1. Give the angle, between 0 and 90 degrees and rounded to the nearest 10, that separates the Cα long axis of helix 199-208 from the longest principal axis of the Cα atoms of the chain.
2. Considering the stretch 65-149, what Rg and Dmax in Å follow from its alpha-carbon atoms?
3. Can you check what the Kirkwood hydrodynamic radius comes to for the stretch 173-246, Cα pairs only, in Å to one decimal?
4. State the cysteines of the chain left without a partner when partners are defined as other cysteines whose beta carbon lies under 4.7 Å away.
5. What do you get for the angle between helix 2-14 and the principal long axis of the chain? Use alpha-carbon atoms, 0 to 90 degrees, nearest ten.
6. Ranked highest first by average number of other Cβ atoms within 10 Å, how do 312-319, 177-184, 43-50, 163-170 line up?
7. Tell me, what ³J(HN,Hα) does each residue in the stretch 74-89 have, in order and in whole Hz, if you take phi through Karplus 6.51 cos²θ - 1.76 cosθ + 1.60 with θ = phi - 60° and put x for Gly and Pro?
8. Using a Förster radius of 51 Å, what is the FRET efficiency between Y31 and S154 based on their Cβ-Cβ separation? Nearest 0.05, please.
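Bear in mind that the values in this text are calculations on the coordinates, not laboratory data. Given the structure is predicted, the values throughout are model-derived calculations rather than measurements. So basically every Cβ, Gly included, is an ideal-geometry build from the backbone, and we count neighbours across all protein chains shown.
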Amino acid sequence: MLRIVIFILWFITVVHVSKASAANCDGCCSYHEGVCCSNGITACCDGTVLSQTCIQNGCDMCTGSLIINNADLITNHIDVTLSNAGGKSGPLDIQLRGTTNTYTEHFNGGSAVGEGTYSVVLTRPSIPEDKYDRIVAIWKLSTGDADSPSYSLSPAWRVLGIVRHTQYNTPVESACTGTPQTAWVFDDDCNFTQTTLDSEFYYQVKMNGTGDSNNYGIIKSAVTNKKKCSDGYPQGASTTNSFFMVDIVTGCCNTQLTESSQAGYPNPKLTSTVTPKCGDRTLLIESDNSNRAEKSIADYCPDCRDGHHIDNYTYNQACSAHQVGSLGDFWTANVGL
């Protein structure tokens with residue numbers, strides 16, 4: 001009976017599993033808590049020096065580890081920490097992984113880097129159109145590639161590619177040169193006033209929805225809110241020739257329009273699962289990778305349906321948007337709320 005017990009204890013000791021997961025470390029440090037990497041040196045986990053046989057077999061646990069700390073497309077930096085390489089170095093790649101594309105940025109021009117924390121700058125105009133929801137860093141060491149855990153992007157970066165950025169404004173009656181056109185203007189108490197507006201301005205407000213009049217301040221076409229004072233229209237007045245007074249210029253998202261506001265397609269107020277949505281931030285990038293502007297979706301642009309067209313609001317004091325001109329073409333990304 002005693003012999004059997006001794007045999008069992010011996011067997012349990014012999015099959016002790018090594019902590020080593022790297023190649024060529026099998027069987028090393030079986031009696032010394034496995035193989036570990038400590039301060040860049042491969043040794044037994046209890047501090048015992050690695051045997052000469054294990055060294056000759058190439059046992060190495062210091063194969064590098066890395067982690068992505070944070071990522072920001074607007075400030076354009078991805079911070080990565082590299083460690084546990086035992087003094088080795090190698091090229092560092094950053095991969096943006098999207099629905100159909102993987103974009104790779106070679107840090108430091110592809111030259112090797114050692115342990116440390118690095119801030120990687122993306123060449124944003126080179127990133128192809130796609131929805132990117134995760135990032136992976138790859139450190140190419142002589143012992144093999146070390147991959148970081150996947151870094152999730154929430155919200156995802158929706159790269160739109162090169163987008164045509166037109167501009168629109170609130171038509172200003174004093175800048176128009178038409179003839180008097182009969183119209184009705186009313187307030188929140190449904191008090192209607194028959195008046196005249198410049199005919200060119202009249203047309204622009206009906207098309208644009210809002211205008212800055214000479215005598216009544218900011219007005220909106222009654223077509224934009226057919227229920228407003230619907231029971232109080234006097235004879236001769238209708239939603240097609242009437243306008244109501246408002247305090248500020250708002251888009252379809254019911255927020256005040258500023259020069260940081262944009263109009264997109266489809267209607268952002270009606271979409272909950274697709275972009276753009278009200279409040280989504282958009283990033284405009286110059287060809288030299290510098291930031292042109294950071295804006296937000298606040299309005300609807302029916303003419304932007306081709307997917308590569310966004311309308312940008314401006315304070316330009318013109319009679320129509322046609323007199324304002326285009327902002328230009330820019331690499332653009334929607335980075336969500």
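1. 30 degrees
2. Cα-based Rg and Dmax for the stretch 65-149 come out at 12.5, 39 Å.
3. Numbers: mean 1/r = 0.0836 Å⁻¹.
For the stretch 173-246, inverting the mean 1/r across all distinct Cα pairs yields 12.0 Å.
4. Those would be C252, since no other cysteine Cβ in the chain comes under 4.7 Å of theirs.
5. Between the helix axis and the principal axis of the chain, the angle is about 50 degrees.
6. Values: 312-319: 18.2, 177-184: 14.4, 43-50: 15.9, 163-170: 20.5.
Sorting 312-319, 177-184, 43-50, 163-170 by mean packing, highest first, produces 163-170, 312-319, 43-50, 177-184.
7. These are the phi-based 3J(HN,Hα) values: 6, 7, 6, 8, 10, 8, 10, 10, 10, 7, 6, 10, x, x, 6, 9 Hz.
8. Working: r = 46 Å, r/R0 = 0.91.
Computed FRET efficiency for Y31 and S154: 0.65.
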